[in-house]
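S.K.: The structure's right below; bear with me while I get my questions together.
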Amino acid sequence: MNSGMIGKIEKAHRYAAQRQRFAFERIAVTVHGDNDEHTVSLDGSVWQCSCDFFAHHATCAHTMALELLLDEMLPQPAQQAVA
Ligand SMILES: [Zn+2]
């Protein structure tokens, strides 16, 4: 492996350890819930989930789990008061 690639890999590890460098603008995730699979998406700061609870509350365990998982990598408005 050439030294250029080694440098890139080292930088990738450094970036990956600094989560605040990343800001997810759009994501689509399938969440394997206890009883069903749910499709969760984020577009800008707007969450969507295919589960029934989300339809009535505009939040749910699936979106909150992703907020906990992605934390500071989400745009500020998409971070609700889960922490
Ligand atoms: Zn949900």
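Here, each number is a calculation from the coordinates, and none is a lab measurement. Because the structure is a prediction, the values reported are computed rather than measured. Neighbour counts are summed over all protein chains in view; Cβ atoms, including those assigned to glycine, are modelled from backbone coordinates with ideal geometry.
S.K.: Those residues that are of a type outside the set (G, A, S), in a helix (DSSP H, G or I), more than 9 Å from the ligand (Cβ to nearest atom) and surrounded by 14 or more Cβ atoms within 10 Å (Cβ to Cβ), I need them from region 49-81; list them, please.
M.R.: Once the filter is applied, which keeps residues that are of a type outside the set (G, A, S), in a helix (DSSP H, G or I), more than 9 Å from the ligand (Cβ to nearest atom) and surrounded by 14 or more Cβ atoms within 10 Å (Cβ to Cβ), region 49-81 yields L66, E67, L70, M73.
S.K.: Restricting to region 39-56, name every residue that is among the charged types (D, E, K, R) and under 18 Å from R26 (Cα atoms).
M.R.: If we filter region 39-56 for residues that are among the charged types (D, E, K, R), which is where we start, we get 43, 52.
Scanning region 39-56 gives a single hit, D43.
S.K.: Follow-up question, since we're still on this one. Given the conditions (1) in contact (Cβ under 8 Å) with a residue 40 or more places away in the chain; (2) part of a helix (DSSP H, G or I), and given that E10 satisfies all but one, which numbered condition is not satisfied?
M.R.: Exception for E10: condition (1).
S.K.: Something else about it: For region 33-48, which positions are of a type outside the set (S, T, N, Q), out of contact with any Cys (no Cβ under 9 Å at 6 or more places or on another chain) and within 12 Å of the ligand (Cβ to nearest atom)?
M.R.: Within region 33-48, D34, E37 meet the criteria.
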